Amino acid sequence: MEYQSGTNMVVREKKGVVIEKELTRLYKQHKRLTPQLIVDISKDAQSKLHKFFEWNDGAAAEKYRLAQATQILMASKFMVLLHKQATDALPQAVMARPVRKFLPQLGRGSDFKMRNEVLDAAESRVAFIARKVSVLKSWCAGVIDVTELDEIREAIENAVGNFASTP
């Protein structure tokens, strides 16, 4: 297995390259990284990471409260009951799973709607499914080097590939 730096990726190359190099430098210097260490070092206006932070306390506080409000919305759950039909061998089964009560509304910035409203509207349902497929793809990419998860990753990749090719 071989690891290469992410600097070859095309995602916001300039910002990505600066961040990648600085995090690598900081890791070599400190032998570990924490969010607190990165913030502390970045407070210095000469730090290469300084410009990636909001240093206006009022603006930062408002952004933090908005992030907290989003977390509160996303933490709200209700139970979905999935009913499985009875067979000769098994009685009817009910499986209960907690799911997010509110979901982001398609193309509406930070607007959230009740889950059933989002999933009942065809366009927002398609967008929701696309986001979930993207999450699965991202998870697969994130565990590509964890051989213990190969079987699960391959099953997901096959399922996502088959799903994507279904009209």
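The values are calculated or read from the model by the stated rules, or taken from the named source; none is laboratory data. These numbers come from a predicted model, not from an experiment. Here the Cβ positions follow ideal geometry from the backbone for every residue, glycine too, while neighbour counts run over all protein chains shown.
Residues of region 11-70 that are among the hydroxyl-bearing types (Ser, Thr, Tyr) and either modelled with pLDDT of 90 or more or farther than 28 Å from Ser110 by Cα (or both): Thr24, Tyr27, Thr34, Ser42, Ser47, Tyr64.
Might you let me know whether region 117-140 holds any residue that is in contact (Cβ under 8 Å) with a residue 12 or more places away in the chain and in contact with a Pro (Cβ under 7 Å, 6 or more places away or on another chain)? Among the residues of region 117-140, not one is in contact (Cβ under 8 Å) with a residue 12 or more places away in the chain and in contact with a Pro (Cβ under 7 Å, 6 or more places away or on another chain), which makes the answer no. Look at region 91-105: where a residue is at pLDDT below 80 and a partner is of a type outside the set (S, T, N, Q), sitting 6+ places away or on another chain with Cβ atoms under 6 Å, you get Gln92/Ala86; Ala93/Lys84; Val94/Leu81; Val94/His83.
The residue that is farthest from Val118 (Cα to Cα), among those in region 53-83 that are of a type in the set (S, T, N, Q) and not in a loop (DSSP other than H, G, I, E, B), is Gln68. Taking region 13-23, which residues are farther than 11 Å from Phe52 by Cβ and exposed (fewer than 14 other Cβ atoms within 10 Å of the Cβ)? Within region 13-23, Glu13, Lys14, Lys21 qualify. Each residue in region 35-75 was checked for being within 23 Å of the chain's Cα centre (by Cα), surrounded by 13 or more Cβ atoms within 10 Å (Cβ to Cβ) and of a type in the set (S, T, N, Q), and 1 of them qualify.
Among the residues of region 94-112, not a single one is surrounded by 11 or more Cβ atoms within 10 Å (Cβ to Cβ), among the basic types (Lys, Arg) and out of contact with any helix residue (DSSP H, G or I) (no Cβ under 8 Å at 6 or more places or on another chain). Among the residues of region 29-52, the ones that are touching a residue at least 12 places away in the same chain (Cβ under 8 Å), assigned to a loop (DSSP other than H, G, I, E, B) and either over 20 Å from Lys15 (Cα atoms) or aliphatic (A, V, I, L, M) (or both) come to 1 in all. For region 139-150, indicate whether the set of residues that are under 22 Å from Gln71 (Cβ atoms), exposed (fewer than 13 other Cβ atoms within 10 Å of the Cβ) and modelled with pLDDT of 90 or more is non-empty. Looking for residues that are under 22 Å from Gln71 (Cβ atoms), exposed (fewer than 13 other Cβ atoms within 10 Å of the Cβ) and modelled with pLDDT of 90 or more, one finds at least one in region 139-150, hence yes. Looking only at residues of region 113-147 that are closer than 20 Å to Val160 by Cα and assigned to a loop (DSSP other than H, G, I, E, B), we find that the one that is nearest to the chain's Cα centre (by Cα) is Val143.
Taking the condition in a helix (DSSP H, G or I), aliphatic (A, V, I, L, M) and surrounded by 10 or more Cβ atoms within 10 Å (Cβ to Cβ), does Ala86 pass? Taking the combined requirement at face value, the residue does not satisfy it.
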